[in-house]
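Read-outs: derived from the displayed coordinates by stated rules, not from any lab. From a predicted model like this one, the values you see are computed outputs, not experimental measurements. Here the Cβ positions follow ideal geometry from the backbone for every residue, glycine too, while neighbour counts run over all protein chains shown.
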Amino acid sequence: MAKWVANEVLDSALAVIASATDMVALSGQPVSFGAAMAGRLAQASLSPSDFVIAAGDVSGRKVTVAAKTDVSVTSGGNADHVALVDRSSNRLLYVTTCPVQALSAGGAVNFASWAVEIGAPV
């Protein structure tokens, strides 16, 4: 018997990610909301319009996060992770790696558009 999941099931998981209020650049992987906020090098505000849930590139479903440009760098360091956080509920929602970029306080950084994909069951 084949495996199957309704799009609504995957979309519900992706909707939690899409509830993020901020995207932060970090040096190292945070293990909690507090660690993400304490270690943030740059922070961009997000709104519901910054997320699009659609069919996955490979299978299943994905949520695409909009690009953010000219985001102020508040602390210098080597950014190698990006996290999505929900400040209203103090939750760390998603963490991914990014190409290492040296950031200088007072400068600016661009976040490229990226996506989280949940594949169909195999």
(request) Rounded, prolate or oblate: pick one for the chain, where a ≥ b ≥ c are the square roots of the eigenvalues of its C-alpha gyration tensor, a/c under 1.5 means rounded, and failing that, prolate if a/b is larger than b/c, else oblate. (result) prolate
(request) Using only alpha carbon positions, build the gyration tensor of segment 16-75, then give the equivalent ellipsoid semi-axes as the square roots of 5 times its eigenvalues, largest first, whole angstrom. (result) 24, 14, 10
(request) Please list 13-22, 55-64, 77-86 highest first by mean number of surrounding beta-carbon atoms within 10 Å per residue. (result) 77-86, 13-22, 55-64
(message) Could you work out how much longer the chain between Ser45 and Ala2 gets when fully extended? Use 0.36 nm per residue separation minus the Cα distance between them, nm to one decimal.
(response) 11.3 nm
(request) Pairs of Cα atoms under 8 Å, at least six residues apart: use those to get the relative contact order of the chain, whole percent. (result) 32 percent
(request) Work out the FRET efficiency for Asn110 and Ser59 from their Cβ-Cβ distance, taking R0 = 41 Å, and round it to the nearest 0.05. (result) 0.85
(message) As I understand it, the value is the acute angle between the Cα axis of helix 7-17 and the longest principal axis of the Cα atoms of the chain; what does it come to in degrees, rounded to 10?
(response) 10 degrees
